[in-house]
1. Compute the distance from the alpha-carbon center of the range 424-444 to that of the range 183-231, in whole Å.
2. For the range 515-582, which whole percent of the accessible surface, found with a 1.4 angstrom probe, sits on carbon and sulfur atoms?
3. Given 0.36 nm per residue, what is the gain on full extension from E506 to R115 after removing their alpha carbon distance, in nm?
4. Can you spot the lysines whose alpha carbon is less than 24 Å from K563's alpha carbon? Ignore those fewer than 8 places along the same chain.
5. Which order do the peptides 507-517, 64-74 come out in when sorted by mean C-beta neighbours inside 10 angstrom, highest first?
6. How many lysine pairs in the range 177-232, separated by 8 or more positions in sequence or lying on different chains, have Cα atoms less than 21 Å apart?
7. First compute the accessible area of the range 281-390 with a 1.4 Å probe, then give the percent of it belonging to carbon and sulfur atoms.
8. Of the options N318, L298, S331, report the single residue whose Cα projects farthest towards the positive end of the charge dipole of the range 280-350 (beta-carbon charges: Lys, Arg +1; Asp, Glu -1).
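The values are calculated or read from the model by the stated rules, or taken from the named source; none is laboratory data. Here the structure is a predicted model, which is why all the values come from computation and not from measurement. Neighbour counts are summed over all protein chains in view; Cβ atoms, including those assigned to glycine, are modelled from backbone coordinates with ideal geometry. These area figures cover heavy atoms from the full protein model, side chains too; ligands, DNA and RNA do not enter into them. Shrake-Rupley method; radii C 1.70, N 1.55, O 1.52, S 1.80 Å.
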Amino acid sequence: MLARFLSSFSTPSTPSSSTHKFSTSMAEETVEHAESIITKWDPNSSSIARVTSLFHGNRDEAEDFLTSVRDLRRAMHTLVSEHPASDMLVLSQKLMQMAMARLQKEFYQILAATRDKLDPESISLRSSDGSRNLEDENELGSEEELKTAGDSISDVERVMAVAMLDLKSIADCMIGSGYSNECVKIYKLIRKSVVDEGLHLLGIEKFRPSQIHKMNREALEHMIKNWINAVKIAVKTLFNGEKALCDHVFSASQTIKESCFSEISKGAINLFKFPVLVAKCKKLPERIFPLMELYEALSDLQPEVEFIFNSESTSDINLQVVSSLHGLGESIHAVLSDFASTIQNDSSKTLILGGGIHPLTPKVMNYISSLADYSRILSDIFSDSPPPRNTALPEDYFESPTSDSSLTPAVSVHLAWLILVLLCKIDRKAKVYKDMSLSYLFLANNLQIVLDKVCTTRLIVLLGEDWVFKLAQKVIQYASTYETMAWGKVFSSLPDINSPPLSPEEAKECFQRFNAAFEEAYKKQASWVVPDMKLRDELKVSIAKELLPAYREFYDTHRMALKMENNFEMFVRFTPDDLENYISALFHGTALSGIAPPPPPR
């Protein structure tokens, strides 16, 4: 016991436990005075002291007890130096043991009695308030100040504040007297149970990989949502509060408070391992999104985790967070790589009737636009990743959102690349159409879907206006090529505006050529579709603008001259209004079918 006492003088202590020596007579008087106070509270006596709490009763007497212990410690130092064989030193040692046993009991009783009141949430709120720094010894105020605080604090807050004052006072005294192990053992026992219970109530347990893999989809999705909520509470409230309490109670020793908090917070390692187990699970549909939600939650909490677990003894917690983020990032990379491969390897050769929208296009664009909502997370994940390589993709397609890809955010480059993979696949699928004009209509339709999705989601912010403009130009190019190939023969069947006047016979032949060309083009396109209303209207306007004025001029010029001809209706089959109606009915997949018989005579 004496060796423990001597070693305590190298332990950091409060100013009130200074090692200033007494004279021998003063030391003996101090021991006698301490004996009268300490023996009264001997926990092994048969008196009422065995069942009475020193700190719960007369508060002044509790302070006298602590003062007498500190004075006894200084007296022992004097006696050890000057009269190491004296009976008074033996008594002092006995009294110190008795006092430490009393304080050990009081420490346990306070922790046990206030177990629910010293909740991490209240403590974390106090520690996060700049005006209430638990590291400041004056922050909690004196006991007298707490008594006179009146209604400014609640009864629970008052109980908590008094308990924290008492715990710190007892810990300082026991550590200064060389009894830190007894004090820490009790603290770890009770506060670790508080943390473990808190984690259990939050639904946090130690999962094995086999458990995760056996879960059905609904159970796993529910568990992920629960974990995201739980980890925020655990970090911001549970561990933050326990760290603040531990730092306050054991402020006398940096080593002790670090060791103590490390033991109490061991359950955190299982908390932060969960995302890695989920990252290895293949059961989730659209599993990249729960992975990114896990990444986002963990990434947002990482600065707080680093602040709370800031010692060498808790470094494994920080390492686990880093490892989990790395594992999630790798899984997200792998999912996106698989996604791109799925697009590239899509082997369906189903002919989309009417050159409409291939199912792959909206499916992929919905996925990519959803990815854009996680751009902050993806930026973090892609920050150290090289941009995708242009492997077997057409040069005219492969462009970054800006001309200098080194200045473009990595997430923009990756999302643009995924869209590029889709565009190239759509380009190859267009080749299944035997009619080239339908092939270009198919391309225009599908690129318009891509364009609309980009312009109505966060993708437009990430890809930029220049990228959107270039894609819009592609749509215009394909639509124009479709028009030229599908209607070129019809347009060319009419005489040029600068052509020399036609004879009636020549006009008749020209009408017949036009009728044949229009009927062929129209019947072929009767089932063709343009789902996008804006593109559909633009195509109709463009066709009508090219066709109607030329035909109206030709019709008005020769109609009267041919009116008296036999079988007039056979070679003048369409009026300009007829053509306008036919064009208006295009691209719905159910165009007018009344072309075969001639219109009624006029």
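1. 54
2. 52
3. Contour length minus Cα-Cα distance gives 130.1 nm.
4. K508
5. 64-74, 507-517
6. 7
7. Answer for the range 281-390: carbon and sulfur cover 52 percent of the accessible area.
8. Result: S331, furthest along the dipole toward the positive end.
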